[in-house]
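Below: the structure, in structure tokens.
Please treat every number below as a calculation from the coordinates, not as lab data. The model shown is predicted, which means the values in this text are computed figures rather than measured ones. A quick note on method: Cβ atoms are made from the backbone with ideal geometry, for glycine too, and the neighbour counts reach across all protein chains shown.
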Amino acid sequence: MSDAPVIAISAGDPAGIGAEVLAKTLASGALEGLCRPLIVGARWALDAGAEAARVTLPTLHFVDIDVPRPAAFRFGEVSAACGTVAVRAVEEAAGITARAEAAAMVTCPINKEAVHAAGYVADIGHQEILARLTGSKWTATMLMTPGLRVVHLSTHKSLIEAARFVTRPTIVEKLQLTRDTLARWGMTNPRIAVAALNPHGGEGGLLGREEIEEIAPAVEQARKAGIDVRGPIPADSVFNRAIAGEFDLVLAMYHDQGHIAIKVHNFAESVTATLGIPFIRTSVDHGTAFEIAGRGVADHTSLVAAIRAAVTLAQGRLGRDGF
């Protein structure tokens, strides 16, 4: 066990299911021999999650975020105090990992409304928080589930703004970022497919010209730079081709285009990884699920998968099969 990597785990929003799935994971024994978890969060929140899950926590290495439990705390309710706990835990876990005191960090879900209520108005999600902390200009979200990986050109943008983000320079930058990051994680020269933006790939310009004017030129530029990439490929077929083994990952043009494919294929084991920051961060691929928080019914499969993925990436063992 002493040779297992330290993984810093931020416990997420206390009012959501993060503490519950974390408590279930810690109590299950799934991490034994895999890693040495370092939990970052409010201890009262983890204890509440363990009570909801009806599990007994093992001995823990814990960094306590010293924010008192609100008198009016309720599972499933937006709270500025819970938003503060969530962001401070991410900040602390990121600092630990950046100082190489942990091999990677894993995040439980935060709630955007609570984060904003706490005053962090520019922090839409984890990716934005981590970009702020590290000063990273270019970041990207990669979703992984057994048999499929998807990198997103953009994530937290409205659909109309996401379409405007589909430009040749942005696509080339994300392809380079993807190729370089995956190489560091153990997959050299990944086979990348670029999804089209418009139905049927734009039908030669009849349904939109982004494929002609932005996406295809970006793919050609990236190919000349030595990236193994093909596209644009209509989104209604590209993910199935990747699942069949033709590609190692797909570059999706916007948030839901990629998220839907991943979650339909295998939601339970899907995880998120952040590209473009100077350390490894993975996450569960679900939200705070306020509607079931505190009921003890949340599934911890995604958190176990996220921790396993973090260990795999930290050890540079990303393969073409599985994580």
The chain - charge dipole about Cα centre, Lys and Arg +1 at Cβ, Asp and Glu -1, debye rounded to 20: 480 debye
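Just to be sure I understand: if I project the alpha-carbon convex hull of segment 141-269 onto a plane and average over all orientations, what area do I get in nm²? Don't skip to the end; give the middle numbers.
On the way: hull surface 29.1 nm².
Reported value for the Cα convex hull: 7.3 nm².
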Within a Gaussian network of the chain (alpha carbon springs, distance under 10 Å), most fluctuating of Leu133, Leu46, Leu143: Leu133
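Sum up the charges of everything whose Cβ sits under 9 Å from the Cβ of Ala8, counting Lys and Arg as +1 and Asp and Glu as -1, but leave Ala8 out. Don't skip to the end; give the middle numbers.
On the way: positive: none; negative: Glu92, Glu101.
Once all neighbours under 9 Å are counted, the net charge is -2.
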Spherically averaged projected area in nm², based on the convex hull that wraps the Cα atoms of the chain: 15.6 nm²
Label-to-label distance, nm, for residues given as Glu213 and Leu159 (7 Å Cα→Cβ offset): 2.1 nm
Segment 52-159, Rg to Rh (Cα coordinates; Rh as Kirkwood inverse mean 1/r): 0.99
Proximal lysines to Lys112, defined as alpha-carbon separation beneath 23 angstrom and excluding residues fewer than eight positions away on the same chain: Lys137, Lys157, Lys263
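What Kirkwood hydrodynamic radius do you get for segment 243-323 when you take the inverse of the mean 1/r over all pairs of distinct Cα atoms, in Å? Can you show the working numbers first?
On the way: mean 1/r = 0.0702 Å⁻¹.
One decimal place: 14.2 Å for the Kirkwood radius.
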Centroid-to-centroid separation of segment 141-206 and segment 71-117 [C-alpha atoms, Å]: 28 Å
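What is the gain in length, in nm to one decimal, between Arg69 and Ser237 on full extension, counting 0.36 nm per residue of separation less the C-alpha to C-alpha distance?
On the way: separation 168, 0.36 × 168 = 60.48 nm, distance 4.89 nm.
Taking Arg69 through Ser237 to full extension adds about 55.6 nm, to one decimal.
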C-alpha long axis of helix 80-98 to longest principal axis of the chain, angle in °: 70 degrees
For segment 55-155, with +1 on Lys and Arg beta carbons and -1 on Asp and Glu, the positive-most of Met144, Gly76, Ile96 along the dipole: Met144
Nonlocal amide H pairs with Arg281, under 5 Å, H built at 1.01 Å: Met105, Thr274
Per-residue ³J(HN,Hα) for segment 45-50, Karplus 6.51 cos²θ - 1.76 cosθ + 1.60, θ = phi - 60°, Hz, x for Gly and Pro: 6, 5, 4, 5, x, 5
MRE, 222 nm, helices only [DSSP H, n ≥ 4, -39500 (n - 2.57), over the chain, to nearest 500]: -11500 deg cm²/dmol
Sites matching trypsin sites (Lys or Arg not before Pro) across segment 122-198 that sit in DSSP coil, with at most 11 neighbouring C-beta atoms within 10 Å: Lys137
Point-charge dipole on Cβ atoms (K/R +1, D/E -1) for segment 141-269, about Cα centre, debye to 20: 280 debye
Amide hydrogen neighbours beyond the local backbone of Val63, cut-off 5 Å, H modeled: Ile39, Val40, Gly41
Selection from Val264, Ile39, Val6, by position along the positive dipole direction of the chain (Cβ): Val6
Å³ per residue enclosed by the Cα convex hull of segment 113-179: 126 Å³
Positive-end residue, segment 141-269 charge dipole about Cα centroid, Cβ charges, pick of Ala193, Leu177, Gly205: Leu177
Degrees separating the helix 301-314 axis from the principal Cα axis of the chain, which is the longest one: 70 degrees
